[in-house]
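This report concerns only the one structure given below.
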Amino acid sequence: MKINKKTRLLGVVASVTLLGAALAGCSTQPSATSQAPTTPTAPATTGAQPVYGGTLNLDLAGAFPHLDPVKAYDTTSYEAVLQFYNQLVTYKGATNTIIPSLASRYTISPNGKVYTFYLANAKFWNGHPVTAQSFITEFERVLNPVNSSGGQGFIDPFIAGSNAYYSGHAKTISGLKSLNGGKTLQITLTQRDPVFLYVLAMPFFSAVDPTYIAGHSESYIDHNPMGTGPFYLASYQPNQQWVLKKNPHYFQKGIPYLNEIVFTNNSSPSAELLHYKQGLTGLLGYNIGGNGIPSQDYLPIVMSPTYSKQVYKVVQVATQYIGLNNKVGPTANVKVRRALEYAINKNYLVKVLGGRALPANQIIPPSMPSGYEAKLPANATYSYNPALAKKLLAQAGYPHGFTTTIYCDNSNPDDLRITEAVQSMLKAVGVTANINQSSWGTFLTNNETGNQPMFNLAWVEDFPDPSDFLNTLFNSNQRPVNNSTMYSNPAVDKLLNTAANMPAGTARDNLYKQAQNIIMSQAAWIPYAYPVFTAAVQPWLKGYYLNPNQVDPLQYVWIAKH
């Protein structure tokens, strides 16, 4: 939502209560010279008119790591941040089509380097107006090394002056200009960037109130957002509950429909199913980054004459993988990493996931519009072969194996089951892998130091382009926050950087395929599954949809009378 984006593999349950209602009254990027529609549009609803009012209760399997868009780069944080903040552009419904958001319209110069955004008449919750400086301040925060933002690599060096600002050689970002009394933002790039509008739709590049930012510490802002979004944070109990209220002055007229959203930290899978069957919950297994319905509940739900009709299923643009540290320890040796690839039975891991996935053989998932390789070269292809794994370990100087640690999140039973299965497979080839579990927030913090020898994680697309997987996770300049395996290869960097300068097309796709083949031949990490997301949705919960690039837009959800 990716993360990127990095994501835990979990199920999230949502409970819904109707408080009262009144009837409502009321992918490709544009070409260089095109102009997007002048007003944002909500996804069309079918059948009954949306109903206003009600409270949506969401039970989370773990606390939000971040509420500050400069730091949010996991699906759990995205869930909250996208309710609090808006970006210049966003996605139309469940498609990959970019449409305006806080930019009421925009233009792109013929050379593809100058973007001009004409801002909507929007305000922050405190009444301060959104101006060009609202975005300039956020870009500066993303490029401030102190913040270690995962967004830095998406705009540096693509925005003119970004690298000079990041390295401390300039006090301003030369490629960002406030025009027309702050009502217009102009962004100048160093080169044509075919994914730049997708990048601007990421939460990193939200509008923030410069006065609010200047008056509070970064730690305070991370727990007390000040945004323009459809919901504002009314109250919270640290690590327990977050109460969101409807923004009555939201700049998009007619939404949101709900009066309130309550997020509660409650990680009981058995309670999820019970609540859903009792009709107390609106969704079962809800979360873009996870596998959806918990494994133990999957078959009873999909085989039930009643609940099977309520199942929502979509193939995710995501890859689950075991990360291997390429810089330190035994896994710094390419023969060791290749040995571990051969030691893993991916078909079995798919069974552990209840069959709700496809075995993975490469980084780019088959659901990505481009970049997936139908047939990898022989040196980038691995099959389950414990005997060969032992042979490679011996050649690497580890005839009796070694001891290591696999890190994983503790909030999802499936996550632990996969990690334990991998532990058993490694044991069979002589490698002792101890498991280190921690909360999602702690796991992410440790992961982004680049010091974990092995880890179980997944990557969900931020936008529909292979660069989001390959450049973000394997370019040397993304270490250690995004490139947590510490992989570094000048040849791969050259391919990725060259592709970034090229227009979309076959030539660009071929460079990404070359880069992936090299990375896979060096076994930088072990892709093991392409997940299929499943959730059960109550028939009275309306407006729900899933965009592959973002978590759910809750401003469009409404509750029918029932």
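The values are calculated or read from the model by the stated rules, or taken from the named source; none is laboratory data. Given the structure is predicted, the values throughout are model-derived calculations rather than measurements. Note that we place each Cβ from the backbone using ideal geometry, even for glycine, and neighbour counts take in every protein chain shown.
Restricting 85, 78 to residues that are at pLDDT 90 or above, within 20 Å of residue 256 (Cα to Cα) and surrounded by 20 or more Cβ atoms within 10 Å (Cβ to Cβ) narrows the list to 85. Looking at segment 467-476, can you tell me whether even one residue there is more than 16 Å from the chain's Cα centre (by Cα) and surrounded by fewer than 19 Cβ atoms within 10 Å (Cβ to Cβ)? Yes, that holds for at least one residue. Among the residues of segment 421-430, those identified as farther than 22 Å from residue 487 by Cα and in contact with a Phe, Trp or Tyr (Cβ under 9 Å, 6 or more places away or on another chain) are 421, 425, 429, 430. Pairs linking a residue in segment 390-401 that is within 12 Å of residue 330 (Cβ to Cβ) to a residue that is β-branched (Val, Ile, Thr), with Cβ atoms under 6 Å and 6 or more positions apart or on different chains, are 396/336; 401/431.
Total residues in segment 488-545 satisfying the condition of being assigned by TED's automatic domain parsing to the domain that holds residue 470, in contact with a strand residue (DSSP E or B) (Cβ under 8 Å, 6 or more places away or on another chain) and at positive phi: the figure is 1.
In summary, strands (runs of 3 or more DSSP E) completely within segment 377-478 and bearing 1 or more residues that are under 30 Å from residue 198 (Cα atoms) and among the small types (Gly, Ala, Ser) occur at 454-460. Looking at residue 73, is it within 22 Å of residue 185 (Cα to Cα), crowded, with 19+ Cβ neighbours inside 10 Å and of a type in the set (Ser, Thr, Tyr)? No: the conditions fail for residue 73. Scanning segment 224-281 for residues being more than 23 Å from residue 53 (Cα to Cα) and of a type in the set (Asp, Glu) gives a total of 1. Residue by residue through segment 223-247, note down the ones that are of a type in the set (Phe, Trp, Tyr) and in contact with a helix residue (DSSP H, G or I) (Cβ under 6 Å, 6 or more places away or on another chain). Selection gives 231 alone.
Restricting 328, 350 to those that are part of a loop (DSSP other than H, G, I, E, B), among the β-branched types (Val, Ile, Thr) and under 30 Å from residue 518 (Cβ atoms) reduces the list to 328. Residue pairs whose Cβ atoms lie under 8 Å apart, sitting 6 or more positions apart in sequence or on different chains, and linking a residue in segment 442-455 that is in the same structural domain as residue 328 (by TED's automatic domain parsing) to a partner that is of a type in the set (D, E, K, R), are 443/8; 443/409; 444/6; 444/74; 447/6; 450/327; 450/479. Restricting attention to segment 232-243, the residues that are assigned to a loop (DSSP other than H, G, I, E, B) and polar (S, T, N, Q) total 2.
Checking each residue in segment 371-396 for being in contact with a helix residue (DSSP H, G or I) (Cβ under 7 Å, 6 or more places away or on another chain), more than 21 Å from residue 496 (Cβ to Cβ) and not hydroxyl-bearing (Ser, Thr, Tyr) picks out 385, 386, 388, 389, 392, 393, 395, 396.
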